[in-house]
Amino acid sequence: MLIVNPVAGGGSTLRKLPEVLRFIEAKSWNCRVFTSGHPGHAEELTRKYAEKNLLIIAIGGDGTVNEVMRGALGSPSVMAIIPSGSGNDVASSLGITKHNALDILASGTIKKVDVAFVNNEPFLGVASCGLDTEVNRTANRIPRLIKGAFLYTLALVIAIVKYKPMEITISTPEKTYSEKIMLLAVGHGDRYGGGMKITPLAKRDDGLLDLCLVKSLSKWMLFVIFPKVFSGKHIKHPKVTYSQAESIKIQGHGEVFADGDRKTQLPAEYSLKSGLLQLLLPEQKAQIFSK
């Protein structure tokens, strides 16, 4: 089952589709192709067929992957990803790229993976609030001729002009504390925004969520720190705190974005559920889950 988002990546999905169909035909696989026509449609399609024990292939960006994942949760079907969106951070964090995605379809390894939740909304990447909310909202309004890290960098420059720090209270099983922040990111994956490694120590099989918090600071200092997020070295800055926990609660006001789209509002509870999704992974990544 092939689920295609025709508008992902500014139309790059449709340009990729003929290659994918030729690959499937060469393998003599029986395949049905579905096109998502509106938000939530990919989830509806997946949920309708997921109990039939299929290989369900999502072709699109992080939003498409999230929708197909939601529909496949707890089912016998296996999800595969062919990234063709603007950021593709979920796929990238799993070792899936535009160059190896078809090879993974033929020779990948099926693994049961944990799924993160924020207020019962599942995600595979990073759930963020604060400045990130404005960045995501701005990025979603920018024409998709601009892609990847440059898209989110441009969105950051635009969003930071009017953003003001927010007050939140964070609770983990170990402690509760309040902080005035620029942004807060809870990672199941290690990156967002087209390759920004905001939670660089995140591992999908350790049963922990990674929490990266950027405290209130000047906008000038934020621009100084920002380039380090691509290598994950930002977590060494004194205005950045980094921790891990099995569960997290955030009290405050504002929206939470995850996998590129708005998911819920604060207050929010973050958790992990074990082995909820069957995913087709490259062998190198699949071995990590075996350890």
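Among residues of the range 205-221 that are of a type in the set (A, V, I, L, M, F, W, C), those with a beta-carbon under 6 Å from a residue that is open to solvent by 20 Å² or more (accessible area, probe 1.4 Å) and in a strand (DSSP E or B) at least six positions away or on a different chain give the pairs L208/Q244; L211/S243; C212/Y242; L213/T241. Pairs linking a residue in the range 149-178 that is farther than 21 Å from P227 by Cβ to a residue that is part of a loop (DSSP other than H, G, I, E, B) and at pLDDT below 80, with Cβ atoms under 7 Å and 6 or more positions apart or on different chains, do not occur. Consider the range 249-280 and keep the residues that are in contact with a Pro (Cβ under 9 Å, 6 or more places away or on another chain) and under 15 Å from I168 (Cβ atoms). The one that is most open to solvent (accessible area, probe 1.4 Å) is H253.
Each residue in the range 84-100 was checked for being at pLDDT 95 or above and touching a Ser or Thr at 6+ places or on another chain (Cβ under 9 Å), and 1 of them qualify. Might you let me know whether the range 209-220 holds any residue that is open to solvent by less than 50 Å² (accessible area, probe 1.4 Å) and of a type in the set (S, T, Y)? The answer is yes; a qualifying residue exists. Against the conditions (1) more than 13 Å from F117 (Cα to Cα); (2) of a type in the set (D, E); (3) open to solvent by less than 70 Å² (accessible area, probe 1.4 Å), E283 satisfies every one except (3).
Residues are listed down the side, and each one gets a yes or a no for (1) among the aromatic types (F, W, Y); (2) touching a Cys at 6+ places or on another chain (Cβ under 7 Å); (3) assigned to a loop (DSSP other than H, G, I, E, B):
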{"residue": "K162", "(1), (2), (3)": "no, no, yes"}
{"residue": "G189", "(1), (2), (3)": "no, no, yes"}
{"residue": "I198", "(1), (2), (3)": "no, yes, yes"}
{"residue": "C212", "(1), (2), (3)": "no, no, no"}
{"residue": "L217", "(1), (2), (3)": "no, no, yes"}
{"residue": "M221", "(1), (2), (3)": "no, no, no"}
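Restricting the range 156-189 to residues that are among the acidic types (D, E) and within 22 Å of T264 (Cβ to Cβ) leaves a set whose member that is most open to solvent (accessible area, probe 1.4 Å) is E167. Apart from one condition, V240 fits all of (1) in contact with a helix residue (DSSP H, G or I) (Cβ under 6 Å, 6 or more places away or on another chain); (2) more than 17 Å from L209 (Cβ to Cβ); the exception is (2).
Would a scan of the range 137-158 turn up a residue that is touching a strand residue (DSSP E or B) at 6+ places or on another chain (Cβ under 6 Å) and not aromatic (F, W, Y)?
Looking through the range 137-158, none of the residues is touching a strand residue (DSSP E or B) at 6+ places or on another chain (Cβ under 6 Å) and not aromatic (F, W, Y).
Taking every residue in the range 249-274 that is aromatic (F, W, Y) and modelled with pLDDT of 95 or more and pairing it with any residue that is open to solvent by 40 Å² or more (accessible area, probe 1.4 Å) and part of a strand (DSSP E or B), at least 6 positions away or on another chain, the pairs with Cβ-Cβ distances below 8 Å are Y270/K249. Here D205 fulfils each of the conditions (1) under 19 Å from S92 (Cα atoms); (2) open to solvent by less than 40 Å² (accessible area, probe 1.4 Å); (3) out of contact with any His (no Cβ under 9 Å at 6 or more places or on another chain) apart from (2).
The lone criterion from (1) part of a strand (DSSP E or B); (2) more than 23 Å from T13 (Cβ to Cβ) left unmet by L156 is number (1). Among the residues of the range 250-291, not one is in a strand (DSSP E or B), among the acidic types (D, E) and farther than 22 Å from L211 by Cβ.
The values are calculated or read from the model by the stated rules, or taken from the named source; none is laboratory data. Note that the structure is a prediction, hence the values are computed from the model and not measured. Every residue, glycine among them, receives a Cβ derived from its backbone with ideal geometry; neighbour counts consider all protein chains shown. For accessibility, only protein heavy atoms count, side chains too; no ligands or nucleic acids. Shrake-Rupley method; radii C 1.70, N 1.55, O 1.52, S 1.80 Å.
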